[in-house]
Amino acid sequence: MTGPLAQVDLQRRGADAVVATLTGEIDGSNIGDVHAAVADGTKGVTKLVLVLTGLDYMDSQGLRWLVQLVVCERERTTIVAAPTSISARTISVAGLTASLGVVADVPEPAAPGDAHRD
């Protein structure tokens, strides 16, 4: 494989929202880089949409990171959207689909009322 194991594409939507598209594989070897890329690119935003459409693999470290983003970071609304069958299964087997507020489609991040917050 050439290039990074995982890639994070960040697109700003308005003044306070970001869509982060994750592709490739997220595991213990690169979770720090993925976390840093998302954290650096989302400073000051109040809404984050994580698009998992291109995620080919996610281990328990990636799952833990998702939980931290969605459940623990209360200052921002985070939506987990459009997971691949592999990432959806990982989330489902862990019993976290409802807790993470996973949605099948990518919502428009600027629209009010489309977010999940515990």
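In table form, for the structure just shown:
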read-out: Selection from region 53-66 of residues that are in contact with a Pro (Cβ under 8 Å, 6 or more places away or on another chain) and buried (at least 16 other Cβ atoms within 10 Å of the Cβ); value: 55
read-out: Test: residue in region 29-39 that is closer than 19 Å to residue 95 by Cα, free of Cβ contacts under 8 Å to residues at least 12 places away in the same chain and surrounded by fewer than 16 Cβ atoms within 10 Å (Cβ to Cβ); value: no
read-out: Count of residues meeting criterion [open to solvent by 60 Å² or more (accessible area, probe 1.4 Å) and farther than 18 Å from residue 48 by Cα] in region 81-109; value: 5
read-out: Meets criteria (surrounded by 14 or more Cβ atoms within 10 Å (Cβ to Cβ) and within 14 Å of the chain's Cα centre (by Cα)) for residue 50; value: yes
read-out: Filter pass, residue 36 being within 14 Å of the chain's Cα centre (by Cα), of a type outside the set (Val, Ile, Thr), at pLDDT 95 or above and under 20 Å from residue 12 (Cα atoms); value: yes
read-out: Those residues of region 42-53 which are in a strand (DSSP E or B) and in contact with a Leu (Cβ under 8 Å, 6 or more places away or on another chain), in sequence order; value: 48, 50, 51, 52
read-out: Selection count where residues are within 16 Å of residue 82 (Cα to Cα) and crowded, with 18+ Cβ neighbours inside 10 Å, scope region 1-22; value: 6
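One line per residue, one yes/no per condition, for (1) assigned to a strand (DSSP E or B); (2) among the hydroxyl-bearing types (Ser, Thr, Tyr); (3) without any contact (Cβ under 8 Å) to a residue 60 or more places away in the chain; (4) closer than 25 Å to residue 98 by Cβ:
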position	(1), (2), (3), (4)
7	yes, no, yes, no
55	yes, no, yes, yes
63	no, no, yes, yes
68	no, no, yes, yes
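The values are calculated or read from the model by the stated rules, or taken from the named source; none is laboratory data. Predicted model, so just to flag it, every value in this text is computed and none were measured. Counting neighbours? That spans all protein chains shown, and the Cβs are built from the backbone with ideal geometry, glycine included. Heads up: the accessible areas ignore ligands, DNA and RNA and are worked out on the full protein's heavy atoms, side chains in. Shrake-Rupley method; radii C 1.70, N 1.55, O 1.52, S 1.80 Å.
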